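Written out below as structure tokens is the structure these notes cover.
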Ligand code: SER
């Protein structure tokens, strides 16, 4: 069997995707890569790991050849809030890594590439409710710019070289395993940790800020789902809107209070408010439903229940350790 390569495999999504792909296809067949630290945790550390500088096309080429890679999940990226601190770095990291991956993939005849886009492709003049698949894309963050350009690039490689690139516009992703870093939607994860630790959270967006969100099990399902979909069914090779749920920061705080009575959330908007205000409140993902059978399982209630249980167990184990 040929093998799968994952970039950004120690990140929020990569860490859980690696474990699930290893469960499905065997530990030895999934090569995790990163540039900062070796993965820890038994499941994530259970298969091959390589340090990889995505700035260097020849390093990617060497690993693709060494392991006879036929599928790449390219997840490494700088997210929206961090990207605003150093826009040039965000452009360089996000765009250079993507074009290097696409180049190696086409030259080495890699069969499929997954690359995540984001709701950040939308901007202040895109419709904010039930945002259509096809609409105005005028992002105001550098992260959003790299996602729009990335979508065009993926589509270009599909049409020009026949490379089977598939992509999703991820909403904010909520998970308990690995903390997100540098995103605007991170408050939806941080709120759980602070609620359980201290019963209070100072939220950096307004109470009425509503964004599309998705729980990690649905995110993994969508990611593997689009990669497994019959190529003939997919009409797009830029990126599909995918929705899980949409809620305001206030609604999440209320839902958490049902499990942690007395939980107190205060709202102290910072520069991330402007980014959140430029994104949709909800997206229309009917094309994903129709073309490759996307169907999320979690809503705010079931996600919150599961998150509370998992984060509690995690923090109490950490306390014991
Ligand atoms: N979660 C990302 C961010 O907040 C959006 O794709 O930057």
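Taken together, the values in this text are just the output of simple stated rules run on the coordinates, not laboratory data. All of these numbers come straight from a predicted model, not from anything done at the bench. Virtual Cβ from ideal backbone geometry, glycine too; neighbours counted across all protein chains shown.
Data for the structure
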read-out: The chain - mean residue ellipticity at 222 nm from DSSP helices (-39,500 (n - 2.57) per run, n ≥ 4, rounded to 500); value: -13500 deg cm²/dmol
read-out: Extension gain (nm, one decimal) between residue 88 and residue 130, 0.36 nm per residue minus Cα-Cα; value: 12.0 nm
read-out: Shape call, segment 1-117: gyration tensor on alpha carbons, a/c limit 1.5; value: oblate
read-out: Alpha-carbon centroid distance for the pair segment 17-52 / segment 280-310, whole angstrom; value: 26 Å
read-out: Virtual spin-label span in nm between residue 109 and residue 179, 7 Å along Cα→Cβ; value: 4.6 nm
read-out: Label-point separation in nm, residue 51 to residue 99, each point 7 Å along Cα→Cβ; value: 2.6 nm
read-out: Distant alpha-carbon pairs in the chain (separation over 30 angstrom), percent; value: 31 percent
read-out: Separation of alpha-carbon centers, segment 192-210 and segment 221-261, rounded to whole Å; value: 21 Å
read-out: Average Cα contact separation per residue, the chain, under 8 Å, 6 or more apart, as relative contact order %; value: 18 percent
read-out: Difference of contour (0.36 nm per residue) and Cα-Cα distance, residue 230 to residue 289; value: 19.9 nm
read-out: Beta bridge orientation in the chain: antiparallel %, DSSP, nearest 5; value: 10 percent
read-out: Convex hull volume of segment 17-69 per residue (C-alpha atoms, cubic angstrom); value: 71 Å³
read-out: Neighbour-count order for 4, 260, fewest beta carbons within 10 angstrom listed first; value: 260, 4
read-out: Residue among 41, 250, 293 with the largest mean-square fluctuation in a Gaussian network model of the chain, springs linking Cα atoms under 10 Å; value: 41
read-out: Percent RCO, i.e. relative contact order, over segment 203-287, from Cα pairs under 8 Å lying at least 6 residues apart; value: 55 percent
read-out: Helix axis angle, 12-25 relative to the chain longest principal axis, alpha carbon, degrees; value: 50 degrees
read-out: Relative frequency of Cα-Cα separations exceeding 26 Å in segment 178-318, percent; value: 30 percent
